[in-house]
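Everything below concerns the one structure shown next.
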Amino acid sequence: MKSIMITGASSGIGRATAEAFLAQGWRVGLIARRADLLNEIAAANENAVALPADVTDAAAMQAAYDRFGWVDVLFNNAGMFGPSAPIDEIAVADWEQVMLVNLHGMFIAARLAFASMRKTGGGRIINNGSISAHTPRPGSVCYTTTKHAITGMTKSLSLDGRPFDIACGQIDIGNAETDMVAGLKKISPETETMAVEHAVNAVLHMAELPPEANVQFMTVMATKMPFIGRG
């Protein structure tokens, strides 16, 4: 049985992805802060392991990996948007929080997965980037900065992972129907969206590739969202 660790697994894309992998017979490690939501998923499937942890807490994440055991794939998904405003209206504390979750947290998860995969002879890391890893929304300096950094992390992990048969790819998802995007639609009713299943199926495709193949970067988005020609 293959295993996948999913961060940010309690809601949104993370939860939808976890449920899809469980349906495909994978053993799934569920990482998020909300233990009640993780337990809800685990109660419905014996192959789900609830691992409540804050991705920014290195010790808690280490304990989660130790409990879960081997990891074939990491879906490095946890993240937050942060405040939407021009840079001079953003508090330094808010900037630091977004950096902590979106960058530091993803580093911790990737570091632990990489170490585990070296011991077991290989694996795959899938980083959740964003359309904002390429082109930002207005007022998104915190989020956009972290997502550009994740692209650099993906490239670096791909290079460093070659000698150990560790592949790394990045999925950039645009406007999948989640609670976060629902919030955007309340602000901008014209926001174009797509069903979250399309993003989930893309992650499944990346994860199920044989070791000799890798999707380095994939963009899956609502067809009519203003990504091409933004600005």
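No value in this document is a laboratory result; all are computed from the given coordinates. What you see is a predicted model; the values in this text were computed from it and never measured. So basically every Cβ, Gly included, is an ideal-geometry build from the backbone, and we count neighbours across all protein chains shown.
Treat the chain as a sphere of radius equal to its Kirkwood radius over Cα pairs and apply Stokes-Einstein at 4 °C in a medium of 1.567 mPa s; give the translational diffusion coefficient in µm²/s, rounded to a whole number. Each step should come with its number before you reach the end.
Numbers: Rh = 17.7 Å.
This corresponds to a translational diffusion coefficient of 73 µm²/s.
If I fit a long axis through the Cα atoms of helix 196-207 and take the longest principal axis of the Cα atoms of the chain, what angle between them do I get, 0 to 90°, rounded to 10?
Relative to the chain, helix 196-207 is tipped by roughly 40 degrees.
Quick one: net charge of M153's neighbours, Cβ under 11 Å, K/R +1, D/E -1? Intermediate values should be presented prior to the final figure.
Values: positive: R111, K147, K155; negative: D160.
Net local charge, M153 excluded: +2.
Of the residues P83, P52, P210, which exhibits the maximal mean-square fluctuation in a Gaussian network model of the chain defined by a 10 Å Cα contact cut-off?
P210
Using the basic label-point model (7 angstrom from Cα toward the beta carbon), what is the A85 to A213 distance in nanometres?
4.8
Write down the percent of antiparallel bridges among all DSSP beta bridges whose residues are both part of the chain, to the nearest 5.
Values: 0 of 29 bridges.
Approximately 0 percent, going by the DSSP bridge assignments.
Can you work out the FRET efficiency for the pair M1 and N201, with r the C-beta to C-beta distance and R0 = 22 Å, to the nearest 0.05? Show your work: numbers first, answer last.
Details: r = 21 Å, r/R0 = 0.93.
So, using R0 = 22 Å, E works out to roughly 0.60.
Please give the length that would be gained between A43 and R67 if that part of the chain were fully extended, namely 0.36 nm times their separation in residues minus their C-alpha to C-alpha distance (nm, one decimal).
Values: separation 24, 0.36 × 24 = 8.64 nm, distance 1.76 nm.
That works out to 6.9 nm of additional length.
For the pair V92 and R118, what calculated FRET efficiency results from E = 1/(1 + (r/R0)^6), where r is the Cβ-Cβ distance and R0 = 30 Å, to the nearest 0.05?
Details: r = 37 Å, r/R0 = 1.22.
About 0.25, to the nearest 0.05.
With r defined as the distance between the Cβ atoms of A60 and R137 and R0 fixed at 30 Å, what FRET efficiency is calculated, to the nearest 0.05? Numbers along the way, then the final one.
Working: r = 31 Å, r/R0 = 1.04.
In this case the efficiency is close to 0.45.
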